[in-house]
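Colleague: One structure follows; several queries about it will come next.
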Amino acid sequence: MNAMDDIHKKVLKKFHTLCSVCGMTKDEKMALVASYGVDSSADIDTHDLIDLCAKLQEQAGQPDMNRLRKRGIAAIGGYLRATGQQESLPLIQGIACRATGYGSFNKIPAERLRNLYSCFSNKQKDIKAVEGLTNEMLQAALQGRMAMA
């Protein structure tokens, strides 16, 4: 496989991802591919595919990366607070990088930032639910002892 084939493969994957992000149906995608005079998206010329991806990217709208990063930082920070751990921006960014497998916090893509936010928000909810449950059980046990005395 040469470099052009590798680029074509990556751009083709991006094309299909963007079609999903835009909410295109299979028929809409096939009509778009057919407009290039081919039967399969794999047959679209690499340069045309790059242009098509750029148009789809505009249509999909760029996510506000700063907002997503701040949400991810807040979710991880909330989890650290809920578990009684110290929090700092470098620590939070390190956790995010380890969790996603990226070497730099600013290189984490939007979808992975959304996943981080959801994951750590759910962890916070789980911690609160467990604390509430253990408090109820503790109160019930204490009331049971008082009733026996």
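Colleague: Does Leu80 satisfy the condition of being outside the structural domain of Ser20 (by TED's automatic domain parsing), modelled with pLDDT of 95 or more, surrounded by fewer than 15 Cβ atoms within 10 Å (Cβ to Cβ) and over 28 Å from Ser20 (Cα atoms)?
Modeller: So Leu80 fails the test.
Colleague: Which of the residues belonging to region 32-59 are of a type in the set (Gly, Ala, Ser) and either assigned to a loop (DSSP other than H, G, I, E, B) or not assigned by TED's automatic domain parsing to the domain that holds Leu12 (or both)?
Modeller: Within region 32-59, Ser35, Gly37, Ser40 meet the criteria.
Colleague: Could you list all residues from region 98-110 that are over 13 Å from Arg71 (Cβ atoms) and surrounded by fewer than 16 Cβ atoms within 10 Å (Cβ to Cβ)?
Modeller: Arg98, Gly101, Tyr102, Gly103, Ser104, Asn106, Lys107, Pro109, listed by residue number.
Colleague: Got a sec? Which of Ala34, Ala96, Ala42 is of a type in the set (A, V, I, L, M), modelled with pLDDT of 90 or more, under 15 Å from the mean Cα position of the chain (by Cα) and within 27 Å of Thr17 (Cα to Cα)?
Modeller: Ala96
Colleague: Could you tell me which residue of region 83-97 is farthest from Lys70 (Cα to Cα), considering only residues that are surrounded by fewer than 10 Cβ atoms within 10 Å (Cβ to Cβ) and not polar (S, T, N, Q)?
Modeller: Gly84
Colleague: Restricting attention to region 119-149, which residues are of a type in the set (A, V, I, L, M, F, W, C) and either within 30 Å of Asn66 (Cβ to Cβ) or touching a residue at least 60 places away in the same chain (Cβ under 8 Å) (or both)?
Modeller: Cys119, Phe120, Ile127
Colleague: Output the residues belonging to region 74-118 that are touching a residue at least 12 places away in the same chain (Cβ under 8 Å), under 22 Å from Gln57 (Cβ atoms) and in a loop (DSSP other than H, G, I, E, B).
Modeller: Listed by number, the list holds a single entry, Ile108.
Colleague: Moving to a separate point now. Taking Leu49 as meeting all but one of (1) more than 24 Å from Phe105 (Cα to Cα); (2) out of contact with any Leu (no Cβ under 7 Å at 6 or more places or on another chain), write down the number of the exception.
Modeller: (2)
Colleague: Still on this model: Considering each residue of region 80-93, count those that are hydroxyl-bearing (Ser, Thr, Tyr) and within 17 Å of the chain's Cα centre (by Cα), and give that number.
Modeller: 0
The values are calculated or read from the model by the stated rules, or taken from the named source; none is laboratory data. It should be emphasised that the depicted structure is a prediction, and the values quoted were computed from it without experimental measurement. Note: ideal-geometry Cβ built from the backbone for every residue, glycine included; neighbour counts use all protein chains shown.
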